[in-house]
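Engineer: I'd like to ask you about the structure that follows.
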Amino acid sequence: MPKDIIAVEGKLTPLSSKTHITYQFHLEHALSSLEIDFRYAPKQFLDREASKPLILEAIENFADPAWAELYKKQWENYYPLQNLLTLSLDSPSGFRGSAHRHAPEQRHMICPDGSKTSPGFIAGDVPSGVWKVTISVHCVVTPDCRYELLVRGTDQ
């Protein structure tokens with residue numbers, strides 16, 4: 001039966017965009033598997049009027065100037081805006097994978113069995129030592145965004 005290793009919650013704001021939050025945990029002995037549950041909310045920014053200036057600013061900053069006016073006329077094509085948070089995992093010996101997915105609720109498994117290890121992660125032993133889970137905060141467009149991270153381990 002899996003045992004909780006870390007369980008954390010946090011609140012982010014638009015100022016958190018383009019940052020990383022890393023949680024470290026120490027495994028005293030090797031495990032047969034790690035499970036990571038991650039969720040954040042809200043996913044979408046559903047305030048149309050507050051979204052419009054953000055979209056227009058992004059078009060101004062990033063679109064080819066030859067196309068910017070057309071894109072601005074069609075700004076609603078980019079609505080609704082979305083928050084985006086992703087995960088990566090490091091073992092004591094280095095990078096073990098990442099989950100750069102858009103889903104606001106995710107469950108990942110890391111274990112020796114490649115058929116059970118989640119896509120994006122490297123199957124293999126779950127050794128003792130210091131592990132790191134990093135939340136990459138790509139973009140928060142809502143006034144706040146809450147997340148939950150739960151890491152569980154199963155003994156051998």
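Engineer: Sum -39500 (n - 2.57) across every DSSP H segment of at least 4 residues in the chain, then divide by the residue count to get the 222 nm mean residue ellipticity, nearest 500.
Structural biologist: Per the formula, -5000 deg cm²/dmol.
Engineer: Shifting gears a bit: Can you pull the three principal axis extents for the Cα set of region 103-156, in Å, largest first?
Structural biologist: Dimensions of region 103-156 along the principal axes of its Cα atoms: 43, 24, 16 Å.
Engineer: In addition: Just in region 19-127: which GluC sites (Glu not before Pro) are loop by DSSP and have at most 16 other Cβ atoms within 10 Å?
Structural biologist: Here the GluC sites (Glu not before Pro) that fit, given the DSSP loop and packing criteria, are Glu28.
Engineer: Next up: Can you give the convex hull volume per residue for the Cα atoms of the chain, as a whole number of Å³?
Structural biologist: 123
Engineer: Within region 1-37, what residues put their amide N at less than 19 Å from the label point 7 Å along the Cα-to-Cβ vector of Val130?
Structural biologist: Under 19 Å, as judged by backbone N against the label point of Val130, lie 5-7, 20-31 of region 1-37.
Engineer: Taking amide hydrogens as modeled 1.01 Å from N in the peptide plane, which residues meet the under 5 Å criterion relative to Ala30, leaving out close sequence neighbours?
Structural biologist: Ser128
Engineer: Using square roots of five times the C-alpha gyration tensor eigenvalues, list the equivalent-ellipsoid semi-axes of region 1-68 in whole Å, biggest first.
Structural biologist: Computed over region 1-68, the values are 40, 15, 11 Å.
Engineer: Based on alpha-carbon positions alone, could you give the equivalent ellipsoid semi-axes of region 38-84 from the gyration tensor, as √(5λ), descending, whole Å?
Structural biologist: Equivalent-ellipsoid dimensions as semi-axes: 23, 11, 8 Å.
Engineer: Also: Need the full-extension length gain, Glu9 to Glu76, defined as separation in residues times 0.36 nm minus the C-alpha distance. One decimal, nm.
Structural biologist: Extra length from Glu9 to Glu76 when fully extended: 20.8 nm.
Engineer: Quick one: Cα centre-to-centre distance for region 89-156 and region 1-30, in angstrom?
Structural biologist: Rounded to whole Å, the Cα centres lie 10 Å apart.
Engineer: As a quick test, which of the pairs Lys43/Lys116; Lys11/Lys132; Lys11/Lys72; Lys18/Lys116; Lys18/Lys72 have an alpha carbon distance above 29 angstrom in this structure?
Structural biologist: With Cα atoms farther than 29 Å apart: Lys11/Lys72; Lys18/Lys116.
Engineer: Another question, then. Could you give the length gained on full extension between Phe95 and Met109, defined as 0.36 nm per residue of separation minus the Cα-Cα distance, in nm?
Structural biologist: Extra length available between Phe95 and Met109 comes to 3.5 nm.
Engineer: Say we join alpha carbon atoms closer than 10 Å with springs in a Gaussian network model of the chain; which of Ile55, Ile36, Ile122 then has the biggest fluctuation?
Structural biologist: Ile55
No value in this document is a laboratory result; all are computed from the given coordinates. Everything numeric in this text was worked out from a predicted model, so none of it was measured. Neighbour counts are summed over all protein chains in view; Cβ atoms, including those assigned to glycine, are modelled from backbone coordinates with ideal geometry.
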